[in-house]
Amino acid sequence: MSSSSSRPPAGPAAAPASDVGGPSSSAPAAGRPVLRRPTLAAKPAPPTRPAPPPRAPRPDRAPAPSGYRVASGAFVAPVRQVPASATSTVGGLPTSRLNKRMAELGLCSRREADDWVEQGWVKVNGVLATMGQQVTAADRIDVDKIAQGFQEQRVTILLNKPIGYVSGQAEDGHTPAVALINPRTHWRDDPSRNRFSPPQLRGLAPCGRLDIDSVGLLVLTQDGRVARQIIGEDSEMEKEYLVRVVYPAPGQAVPRHPGERSAPLQEIDERDPVSTNVQAVFPRELLERLRHGLSLDGEPLKPARVDWQNPEQLRFVLTEGKKRQIRRMCELVGLKVVGLKRIRIGRVTLGNLPVGQWRYLSPNERF
């Protein structure tokens with residue numbers, strides 16, 4: 001007998017591979033576990049989205065018109081070239097907007113002109129004017145007496161601004177100069193017959209500015225004609241200043257940025273005793289540069305009248321008003337401003353008006 005017939009079986013016989021999972025496997029032998037592969041449900045197919053419609057072919061870009069130029073470089077983009085402003089004409093005469101023409105004629109400010117047109121108080125050649133209407137120099141402009149009456153009630157005030165007040169809106173906690181306009185500070189020697197009333201403060205605005213530590217004549221007005229005379233874009237009205245200076249040494253008064261604060265100034269009194277003879281040591285050629293030859297902000301300044309008022313004070317007469325102009329001019333020639341006072345605008349002078357007090361512009365006064 002062979003050795004294979006006497007060896008006991010190693011274990012249960014494996015089922016044929018063909019029977020796994022087949023019908024015969026439903027009755028397994030006792031004590032034999034049978035593992036069946038679970039049946040997985042098929043996942044539903046995702047919904048089919050409709051295909052997007054085909055895009056229309058992009059049209060070719062039209063050639064750039066003659067009024068365009070293109071930027072250089074890898075990226076080329078159209079950049080519109082601003083055309084030269086064309087002046088329209090009527091009958092060979094150039095036209096301008098009605099409000100501008102009325103301001104040029106000194107009738108009112110542009111804003112007032114628009115208000116009057118809106119109220120129906122303006123006629124052009126006998127016809128009621130419209131907002132934004134174009135007119136020529138030959139057109140006749142008539143203003144209703146009602147508008148003229150409103151204008152006559154508007155006041156212009158002259159204030160001797162002290163140190164510590166800003167000329168315009170309140171800033172950095174400092175009080176605006178208009179706060180000084182009240183009955184208590186009205187100069188008792190005011191030659192006008194006007195009497196103060198609260199409506200006179202409505203729309204009262206400064207014409208030009210004086211720094212917080214500068215003193216002197218500040219004009220506040222409700223009248224747009226006065227404002228345009230003094231600070232209009234084409235105004236060349238003279239402003240006169242007394243400027244107290246010291247001369248440390250050439251080059252020691254470092255020019256400053258217009259927005260940078262300098263050391264506080266002193267209040268100027270023309271009767272103060274002179275303690276330093278700056279005039280004796282300041283080079284005359286630098287005085288000539290103050291009169292003409294300096295530039296600020298990359299632009300040459302207009303000629304100015306600059307002379308010695310006394311050995312430590314200069315008198316400036318300017319027809320322009322850049323920010324902190326006098327101080328920056330002086331710094332360019334080595335001078336340091338320690339006091340600044342405005343004493344005249346046009347033909348109107350500060351006179352004997354006390355510091356911190358105000359008066360009305362008289363009917364017979366003209367800037």
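If you roll a 1.4 Å probe over the stretch 185-246 with all protein chains in place, what percent of the accessible area is carbon or sulfur? Carbon and sulfur atoms account for 45 percent of the accessible area of the stretch 185-246.
Look at where the Cα atoms of the stretch 172-213 and of the stretch 281-339 average out, and the two centres are 30 Å apart. Keeping all protein chains in place, calculate the accessible area per residue for the stretch 133-244 (probe 1.4 angstrom), answer in Å². Result: 53 Å² of accessible area for each residue. Per residue, the solvent-accessible area of the stretch 299-367 (1.4 Å probe, heavy atoms of protein chains only, all protein chains present) comes to 40 Å². If R0 equals 56 Å, the separation of the Cβ atoms of N310 and E171 corresponds to a calculated FRET efficiency of about 0.95. Here's the list of lysines a cross-link from K341 could span, going by alpha-carbon distance under 28 Å and ignoring same-chain residues fewer than 8 apart: K161, K239, K302, K322, K323.
Taking label positions 7 Å along the Cα-Cβ direction at both M131 and E288, the computed distance is 5.7 nm, reported to one decimal.
The values are calculated or read from the model by the stated rules, or taken from the named source; none is laboratory data. Owing to the predicted nature of the structure, the values given are computational and were not obtained by experimental measurement. Cβ sites come from the backbone with ideal geometry, for glycine too, and all protein chains shown count toward neighbours. For the accessible areas, the whole protein counts, side chains as well, though only heavy atoms, and no ligand, DNA or RNA atoms are used. Shrake-Rupley method; radii C 1.70, N 1.55, O 1.52, S 1.80 Å.
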